[in-house]
Structures are given as C-alpha cells and as structure tokens.
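The block underneath contains the structure these notes are about, expressed in structure tokens.
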Amino acid sequence: MAFFSLLAFSSFAQETDRDFIRLGNKYYNEGLMDEAATSYNKALDKKKSFEAHYNLANVYALSGQDSTAFEEYKKALDQPCTNVKKKAKAFYNMGNLMYSAGCLQMKGQDSKASESFKNAVELYKSSLRNNPSDDETRYNLAMAQYMLKKNQSEGGGQGKDDENEQKDEKEKKDEQQKQKQEQQQQQQQHEQKDSMSDEVVEQLLNSAQQDENNIQRKIQNQQGQGQRRQLEKDW
C-alpha cells in the first residue's frame, strides 16, 4: 500500500505560506519530519490550505501518529480544492489508515475492527468517486471489503471479554445442571432407602407372624397328643 506522496504548491503562488510549504517539502524529502511539521504548521499559521494540512498529515502518518494524521486529512478536505485527484489521495490515505487500524484490531480481537473496515470501504469509495481510474484504490477497496466479511464471519470481532463472559456463563449453567442432577440422585437414593426399609419391616412382621403361627400349632399338637395319651392310659 504505497501512499503519502507530497503535493507541491502551484508555481505561480509565491505567498509566505507557500514558502513554508516549500521548505516543509524539502525537510520531508530529507527525512527530517520534525522540521517538516514545524514548517507546515507555520504555513497554516499564515493561511489555511489543502496542501499544508495534507502534507502535515503525511508527516504524522509516517511518524506513527495515525489518529492525528487522520484528523489532518479531514481538515485538508475541509479546505477549498478544485483538484479532484488531490482529494482522491486524501481519501485514499485515510482509507489506508482505517484499514491498518482494522487489521490491528482484528488481530487483537477488538470489537471495533468491523467499524474500521467499514470506514475504510467508504473512504476508498470516496477516493474512487474523485478518481475512478485509480486501480490501486480499487484493489484496496476489494481488500477492505474482504477483511470486513472475514471479520464478521469470525464473530464480528468480539473481544476476549465477551468470549470469557460466554465461557463463564456456560460453566455456571453446567454447575447448576450438575447440582440439580446430584439433588435428583440423592432424592432417588433416599426414596429407595425408605422403600427398602418398608420391605424389611414387612418381611420381619411376616416372619414373626409365621413364627407365632408355628408356635401355636406346635402347642395345639402337643396338647392334643397329651390328651390322647392320657385317654389311652386311663382306658
């Protein structure tokens, strides 16, 4: 993704702000970003312009200050600019910043990734409206759309907190289910124990009754035999 090409000022404009832009461009090309930023800011102090904001945004972007760079590109687009290709470059660079942010957020499972890819898609479309023949922008648009769909298919970029929350909720439900099953088992065991106790008591009672019946029969038999022996003896 190549971007951040400088915009030179018009050759016929020799105002002081243009002199600072020229000086800023010189520092930029030499890799002196702090000096370049100072020169562009001085140009903006003299006069707001698309070129000064745009070039300053490039400095911030190359220095890793993406959010500040993004705001400067927006300020550039707020300034009058009749050159549609210059505007296309601003939208393109903003799209690249959003795309990069989305990739980092997706890697970190940040839920904002989808929003960043959506913004990148819209910014690339705005760039193409100003410069429909830019193949690189069209390619980046396709990549942003692909990453957006990929992120959504992988869960919409839900964060780790959401994942842990779902895991905790599942563990809580599993624990509740386990406790319920244990209670049911204990109740069944208790009922079985009570049922077995009743059976044992019934068996004991039946056995005792049987024993008593046996004893009564023995007594009756003995009495009957004694009477017969006595009668036989007397007779």
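The values are calculated or read from the model by the stated rules, or taken from the named source; none is laboratory data. Everything numeric in this text was worked out from a predicted model, so none of it was measured. FYI the Cβ positions are ideal-geometry reconstructions off the backbone, even for glycines, and counts take in every protein chain you see.
Couple of notes before you dig in:
- Some residue of region 35-54 being under 35 Å from the mean Cα position of the chain (by Cα) and at pLDDT 95 or above: yes
- Residue satisfying all of: in region 29-70; in a helix (DSSP H, G or I) and of a type in the set (Ser, Thr, Tyr); surrounded by the fewest Cβ atoms within 10 Å (Cβ to Cβ) among these: Ser67
- For beta carbons closer than 6 Å, sequence separation of 6+ or different chains, a first residue in region 141-154 that is touching a residue at least 12 places away in the same chain (Cβ under 8 Å) and a second that is among the aliphatic types (A, V, I, L, M), the qualifying pairs are Ala144/Ala120; Ala144/Val121; Gln145/Val121; Asn151/Met106; Asn151/Ala113.
- Every condition in (1) among the aromatic types (Phe, Trp, Tyr); (2) at pLDDT below 95; (3) within 16 Å of Lys89 (Cβ to Cβ) is met by Phe12 except one, and the failing one is (3).
- Within region 79-132, tally of residues that are over 31 Å from the mean Cα position of the chain (by Cα) and not in a helix (DSSP H, G or I): 7
- Count of region 81-100 residues, restricted to those that are over 16 Å from Ile21 (Cβ atoms) and surrounded by fewer than 17 Cβ atoms within 10 Å (Cβ to Cβ), is 4.
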